[in-house]
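Visitor: This is the structure, below, for whatever I ask next.
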Amino acid sequence: MPVLKREQARDLGDPSGLPKLPVPPLQQTLDMYLKCMSHLIPEEQFKKTKAIVEKFGAPGGMGEFLQKKLVERSEHKANWVYDYWLEDMYLSNRLALPVNSSPVMVFPKQNFTSHSDTLRFAAHLISGVLEYKSLIDGRALPVDYARGQLAGTPLCMDQYNKVFTSYRLPGAKMDTLVAQKSTVMPEPEHIIVACKNQFFVLDVVINFRRLNEKDLYTQLERIRKMADIEEERLPPIGLLTSDDRTQWAEARSVLIKDSTNRDSLDMIERCLCLVCLDEPSGTELTDTNRALLMLHGGGMDKNGGNRWYDKPMQFVIGADGCCGVVCEHSPFEGIVLVQCSEYLLRYMRGSPSKLVRAASMSELPAPRRLRWKCSPDIQAFLTASADKLQRLVKNLDMNVNKFTGYGKEFIKKQKMSPDAYIQVALQFTFYRCHGRLVPTYESASIRRFQEGRVDNIRSSTPEALAFVKAMSMLCDAEKMELLWTAIKAQTNYTILAITGMAIDNHLLGLREIAKELKLEKPELFSDTTYATSIHFILSTSQVPTTEEMFCCYGPVVPNGYGACYNPQTDHIIFCVSSFRDSAETSSDLFVKTLEGCLKEMQDLCLKCNSESKPTDSTEKMAGNTKVMKNGSKS
Ligand code: COA
């Protein structure tokens, strides 16, 4: 598929120099759709679907008409799928943001010994945020380039501009992603500090001067003291933002009837980001528990109310050392979150705290507590939101596991794509746990294109099914052959997706343009197979980091798994989530099975793959596997 070079695109009038996302050929998408679903649904249903798809794609049929309209749309939009995708993926989703939508980044546990330690960390981090923001504003961030498959292409940097300027406004039917427009005389910038469920305005620019770290520390100390005054405490309004979107929209419409509340909301909506100074959670800070605390704050009794989920970036700094970022996902992808988080961790490591050297402003205006007027209606909303958050807390089943058997280096030595290999391992695991494969989502970046976000790599390929079935029956040579085929199919799909040729965005575009033209919904999209195809029981994503931290998120359907992985040279971090009230799923079982599957695949590679030259480490790994299988050393 031809990807325009930057210079060619620039000639076509795009200032970023990136090509536009192509509209894939109709027949290619329809054939691929059938191929993706053929082995995941009963034969009878597939026959029916095949007939529907053929009718849709017939010459002169509805498919051709919609395709023509989509191509026309692509001619006058920077990215033909962006709005459709944003609404479908995020804005029209009514589920609560925590767990269901907002991914988190979990930082290494910090060792704070006092409140001042915590505030020093916070002041240092805020300084880093301000540095990073000025790089974004000055267009001084280095352009990202693709790595891995088809490495070297420049990537769209659009998402960075939204990190500190967006706000997801709840709506009755659909949310709105609001972007702040820069004004001629920008107002002083501020962040919101959440402490003990109270919200404080911390101006970071006063009298046209950016606060230095010492100033920030002074202001944070004042905030801490203000938050400690029990008589002044206001209800935990942030809980409302953890509710489902329609409910929060309704509560907000009541809240804004009062001018005090309106002013407070306005300050939050226009802030750069939140810094949440959390109370100690009273929980052992294992990787899994830190992930849970970051995803939902531990509910109302812990830090669940110390959040404002509509804001894209919430930096959480727990007094017990549990730190990370909670991210509202609609403005940007996890990769941008990683880049920002890594910048901050490097900044904090590389630039020592300037608290000692810097001089603080003598007379800083005091930070302001945001006021709320809570009518009985709002109190009722708060009680309901707290209950729902509590249910979410109880329901989330999370397992963060560092698989230390091997990492991407071993896989590369097999001449295989580590990502494809891990995806096949996830399919193998699902099959072992559930005896079938299911529609799977793997996010694939399409930032090679203007305003590109992601499309889907459908990892449950027929080739993956053939491999996982073979693992319990055939001889090693046949299994190895099928593993190669499965990895090749996965790699090919990846290349299709990152070059804008995957099927999910295209099908969404065809569906949405029919709606926009007020046409009757094409049968293809009312067919049960289509509903099955977008019910992603396995929702996966590679989020690699170069700093010590990991990303995780919840499942996207009630009976599903979220599986986020972070491949490193010699290990892989897996963050697996599911819901306890589903009888079908168990994160612990999934992770345990995954470990076994990864070991079996390694064993197979070591036995069969002629490319695999035994090295010290692979010999060691082979030895370990033998001990496990035979129960005694050979
Ligand atoms: N033999 C040896 N090495 C190989 C190989 C092979 N056959 N195939 C790939 N490799 C190497 C690559 O060169 C790369 O090397 P590097 O570590 O030096 O860069 C490495 O293995 C990783 O490549 P691969 O595993 O194929 O994956 P990838 O980096 O191309 O990633 C996607 C694939 C789909 C994850 C990536 O394209 C993508 O879209 N990422 C974004 C996902 C995202 O948006 N996540 C956040 C969602 S919120």
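Visitor: Please state which of the following conditions LYS225 fails to meet, knowing it meets all the rest: (1) surrounded by fewer than 19 Cβ atoms within 10 Å (Cβ to Cβ); (2) within 16 Å of the ligand (Cβ to nearest atom).
Guide: Every condition holds for LYS225 apart from (2).
Visitor: Within the stretch 575-611, work out how many residues are part of a helix (DSSP H, G or I) and open to solvent by 50 Å² or more (accessible area, probe 1.4 Å).
Guide: Quick first cut of the stretch 575-611, residues part of a helix (DSSP H, G or I) only: 587-608.
Cutting the leftovers down to open to solvent by 50 Å² or more (accessible area, probe 1.4 Å) gives us 588-589, 592, 595, 599-600, 607.
So the answer is 7.
Visitor: Right, LYS469: more than 16 Å from the ligand (Cβ to nearest atom), assigned to a loop (DSSP other than H, G, I, E, B), without any contact (Cβ under 8 Å) to a residue 60 or more places away in the chain and open to solvent by 20 Å² or more (accessible area, probe 1.4 Å) or not?
Guide: Taking the combined requirement at face value, the residue does not satisfy it.
Visitor: A follow-up question, please. Within the stretch 472-493, restricting attention to residues that are open to solvent by 20 Å² or more (accessible area, probe 1.4 Å) and within 16 Å of the ligand (Cβ to nearest atom), which residue is farthest from ASP83 (Cα to Cα)?
Guide: Of everything passing the filter in the stretch 472-493, TRP484 is farthest from ASP83 (Cα to Cα).
This table checks each residue for (1) within 24 Å of the chain's Cα centre (by Cα); (2) more than 29 Å from MET105 (Cβ to Cβ); (3) modelled with pLDDT under 95; (4) not basic (Lys, Arg).
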{"position": "PHE550", "(1), (2), (3), (4)": "yes, no, no, yes"}
{"position": "GLY562", "(1), (2), (3), (4)": "yes, no, no, yes"}
{"position": "MET601", "(1), (2), (3), (4)": "no, no, no, yes"}
{"position": "THR615", "(1), (2), (3), (4)": "no, yes, yes, yes"}
{"position": "LYS620", "(1), (2), (3), (4)": "no, yes, yes, no"}
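Visitor: With the requirement that a residue be assigned to a loop (DSSP other than H, G, I, E, B), away from the ligand (no atom under 16 Å from the Cβ) and either in contact with a Phe, Trp or Tyr (Cβ under 6 Å, 6 or more places away or on another chain) or closer than 27 Å to ARG448 by Cβ (or both), what does the stretch 311-345 give you?
Guide: GLY321
Visitor: Something else now. Look at LYS214 and say whether it is under 30 Å from SER134 (Cβ atoms) and either in contact (Cβ under 8 Å) with a residue 24 or more places away in the chain or not in a helix (DSSP H, G or I) (or both).
Guide: Spelling it out, LYS214 is indeed under 30 Å from SER134 (Cβ atoms) and either in contact (Cβ under 8 Å) with a residue 24 or more places away in the chain or not in a helix (DSSP H, G or I) (or both).
Visitor: Is there a residue being touching a residue at least 12 places away in the same chain (Cβ under 8 Å) and within 29 Å of the chain's Cα centre (by Cα) anywhere in the stretch 49-71?
Guide: The answer is yes, given that some residue of the stretch 49-71 is touching a residue at least 12 places away in the same chain (Cβ under 8 Å) and within 29 Å of the chain's Cα centre (by Cα).
Visitor: Now a separate question. Within the stretch 437-461, which residues are in contact with a helix residue (DSSP H, G or I) (Cβ under 7 Å, 6 or more places away or on another chain) and open to solvent by 20 Å² or more (accessible area, probe 1.4 Å)?
Guide: Once the filter is applied, which keeps residues that are in contact with a helix residue (DSSP H, G or I) (Cβ under 7 Å, 6 or more places away or on another chain) and open to solvent by 20 Å² or more (accessible area, probe 1.4 Å), the stretch 437-461 yields SER445, GLU451.
Visitor: Another question, then. Which residues, counting only those in the stretch 427-436, are out of contact with any helix residue (DSSP H, G or I) (no Cβ under 7 Å at 6 or more places or on another chain) and crowded, with 23+ Cβ neighbours inside 10 Å? So that I can check it myself, show each step before the final result.
Guide: Let us first name the residues in the stretch 427-436 that are out of contact with any helix residue (DSSP H, G or I) (no Cβ under 7 Å at 6 or more places or on another chain), namely 430, 434-436.
PHE430 - this is the single residue of the stretch 427-436 that is out of contact with any helix residue (DSSP H, G or I) (no Cβ under 7 Å at 6 or more places or on another chain) and crowded, with 23+ Cβ neighbours inside 10 Å.
Visitor: For the stretch 407-422, name all the residues that are near the ligand (Cβ under 8 Å from one of its atoms) and open to solvent by less than 30 Å² (accessible area, probe 1.4 Å).
Guide: Taking the stretch 407-422 as the starting set, the residues that turn out to be near the ligand (Cβ under 8 Å from one of its atoms) are 408, 411-422.
Within the stretch 407-422, ILE411, GLN414, MET416, SER417, PRO418, ASP419, ALA420, TYR421, ILE422 qualify.
Visitor: Among (1) at negative phi; (2) under 23 Å from the mean Cα position of the chain (by Cα); (3) surrounded by 21 or more Cβ atoms within 10 Å (Cβ to Cβ), which single condition is ARG94 missing?
Guide: Only one criterion is unmet by ARG94, namely (3).
The values are calculated or read from the model by the stated rules, or taken from the named source; none is laboratory data. Just so we're clear, the structure is a prediction, and the values are computed from it rather than from any experiment. Don't worry about glycine lacking a Cβ; one is built from the backbone with ideal geometry, like all the others, and counts go over all protein chains shown. The accessibility values were calculated without ligands, DNA or RNA, using every heavy atom of the protein model including side chains. Shrake-Rupley method; radii C 1.70, N 1.55, O 1.52, S 1.80 Å.
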